[in-house]
1. Please verify whether S379 is of a type in the set (G, A, S), over 46 Å from the mean Cα position of the chain (by Cα) and either surrounded by fewer than 10 Cβ atoms within 10 Å (Cβ to Cβ) or modelled with pLDDT of 85 or more (or both), treating the condition exactly as stated.
2. Please work out which residue is modelled with the highest pLDDT, limiting yourself to segment 415-450 and to residues that are surrounded by 12 or more Cβ atoms within 10 Å (Cβ to Cβ) and of a type in the set (S, T, Y).
3. When both residues are 6+ apart or on different chains and their Cβ atoms are under 7 Å apart, which pairs have a first residue that lies in segment 60-74 and is in contact (Cβ under 8 Å) with a residue 24 or more places away in the chain and surrounded by fewer than 24 Cβ atoms within 10 Å (Cβ to Cβ), and a second that is of a type outside the set (V, I, T) and outside any helix (DSSP H, G or I)?
4. Taking the condition of being closer than 13 Å to A158 by Cβ, out of contact with any His (no Cβ under 9 Å at 6 or more places or on another chain) and in a helix (DSSP H, G or I), how many residues in segment 187-209 meet it?
5. I'd like the full set of residues that are free of Cβ contacts under 8 Å to residues at least 60 places away in the same chain and open to solvent by less than 50 Å² (accessible area, probe 1.4 Å), limited to segment 185-207.
6. Name the one entry in R322, R287 that is farther than 30 Å from K178 by Cα, modelled with pLDDT of 90 or more and open to solvent by less than 40 Å² (accessible area, probe 1.4 Å).
7. Quick one: which residue in E277, E350 is acidic (D, E) and surrounded by 12 or more Cβ atoms within 10 Å (Cβ to Cβ)?
8. Looking at A54, A104, which one is touching a helix residue (DSSP H, G or I) at 6+ places or on another chain (Cβ under 6 Å) and either closer than 19 Å to R140 by Cβ or not in a helix (DSSP H, G or I) (or both)?
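The values are calculated or read from the model by the stated rules, or taken from the named source; none is laboratory data. A quick note: this is a predicted structure, and the numbers were derived from the prediction, not measured. Every residue, glycine among them, receives a Cβ derived from its backbone with ideal geometry; neighbour counts consider all protein chains shown. Side chains are part of the model used for accessible areas, which takes the heavy atoms of the whole protein and leaves out ligands, DNA and RNA. Shrake-Rupley method; radii C 1.70, N 1.55, O 1.52, S 1.80 Å.
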Amino acid sequence: MTSMEEDTAVESAPCDDQLDEDIEEKRVWALKEGRLDEAIEALLDIEKQLRLSANVVGTRRVVVAIIQLCYDARAWKTLNEQIVLLSKRRAQLKQAVTAMVQKAMEYIEQTPDMDTKVELIKTLNTVTVGKIYVEIERARLIKKLAKIKEEQGLIAEAAELMQEVPVETFGAMSKTEKIAFILEQVRLCLDRKDYMRAQILSRKISPRSFVISEKKDKKKPKEGDNVIVEPPPDIPSLLELKRLYYDLMIRYHLHSNDYLEICRSYQAIYDTPSVKEDPSNWIPVLRKICWYLVLAPYDSMQSSLMNATLEDKKLSELPKFRTLLKSFVTMEVIRWDQFWQDFEAEFQEEAKLPGGPLGDKAAEDLRQRVIEHNILVVSKYYARITLQRLSELLSLSLPETERHLSEMVVSKALTAKVDRPAGVVSFQNQKDSNEVLNSWAVNIEKLLELVEKSCHQIHKETMVHKVTLKVQ
């Protein structure tokens with residue numbers, strides 16, 4: 001178009017009242033007289049005049065009118081064609097494209113069949129690709145398409161579609177919608193057993209994101225700041241997203257049998273106010289916390305969590321589990337046969353409660369934890385002990401005892417040396433010369449303090465009773 005033609009188009013752009021009449025007239029053409037193509041052509045001419053005159057409001061109204069006209073006529077193929085055509089027109093306004101995409105998205109659920117629905121979503125995806133001002137709409141479209149793929153059993157394709165969208169970089173998207181989108185990415189990766197990618201995606205969400213700020217005063221957005229778009233009504237609340245996040249983390253850690261991390265995830269769920277208020281919610285969660293604490297290998301964090309759980313007042317309502325934790329805190333040898341007889345029923349019952357069974361290797365790992373506990377107890381009471389006597393205390397054979405002892409030494413849970421020819425285990429740490437000299441210095445200092453205190457007491461008694469000491 002030449003500059004003279006552009007000037008003519010700008011001068012002939014209709015006013016608002018005239019625009020309303022034109023749109024209504026073209027609606028009559030399309031719906032009552034069956035002249036859809038002529039009506040669209042006429043509206044496209046009007047859109048051209050408004051676009052070249054930089055009339056944002058008018059252009060947006062005409063674009064939406066064209067889309068709505070195609071929908072009312074149920075011309076789905078024409079609708080897809082017009083969406084692509086309008087988005088590619090020269091100097092098309094961003095506001096018009098945004099309004100067109102948002103309007104077309106309202107018609108996705110009104111499509112007559114699945115093929116038409118998928119075709120419309122793909123058309124909108126093509127239009128929105130590479131356009132920052134419709135990145136949120138593109139993310140929502142990808143999510144809808146991924147859901148369709150998942151329902152068709154194409155989990156891998158659905159996961160790949162979702163991974164293409166980096167929602168964490170979208171400034172205008174609300175926090176809850178971002179978290180919900182990333183959680184959906186993690187869930188699909190877990191469903192396709194891509195645990196490495198699931199771990200990478202889950203790290204995009206910080207547990208601090210679930211903390212609800214108590215500040216009620218919201219700062220007014222400054223000029224140039226991104227305006228946060230309200231999330232769709234189907235997006236869960238922040239507390240519901242927290243539960244979903246930790247449920248997914250439990251699924252991930254169950255794959256690697258990382259019992260301590262599973263316990264910490266259940267602990268985060270347990271600390272949610274809505275869970276603590278309802279016994280039907282917190283009792284199964286607290287049971288899981290106790291079992292996974294016992295199943296976790298011994299270290300400083302596990303010991304700290306176990307002592308903190310024992311101090312929980314709600315645990316008094318579960319006396320069996322209080323006894324379970326007490327048996328691992330008390331420095332006494334646990335007899336496996338008696339222990340399993342006491343807790344087997346509770347262990348098997350976990351499969352019927354929310355959260356499901358404790359894991360494929362849970363029973364085997366529980367016996368392993370009991371053996372490790374018993375070895376730690378023995379190391380507290382014995383500096384040196386024969387392998388034969390240690391096997392008797394652990395109720396194990398000599399090869400099993402040596403294997404478990406070696407595993408604990410390798411994992412640095414215990415310091416020990418085995419003299420295999422002599423059949424003796426030493427739990428003493430080998431000290432270097434500096435440590436030996438320091439221990440001697442400390443012992444001598446304590447001895448001198450005792451001597452000084454004794455002399456003081458003798459002198460005190462002498463002064464009180466005025467006893468004269470005779471020199472022999």
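1. So S379 does not fit the description; no.
2. In this case the residue turns out to be S426.
3. Taking only residues 6 or more apart or on different chains, the pairs are Y71/Y107.
4. So the count comes out to 4.
5. Q185, L188, C189, D194, A198, Q199, L201, S202, I205, S206
6. R287
7. E350 is the lone residue from the list that is acidic (D, E) and surrounded by 12 or more Cβ atoms within 10 Å (Cβ to Cβ).
8. A104
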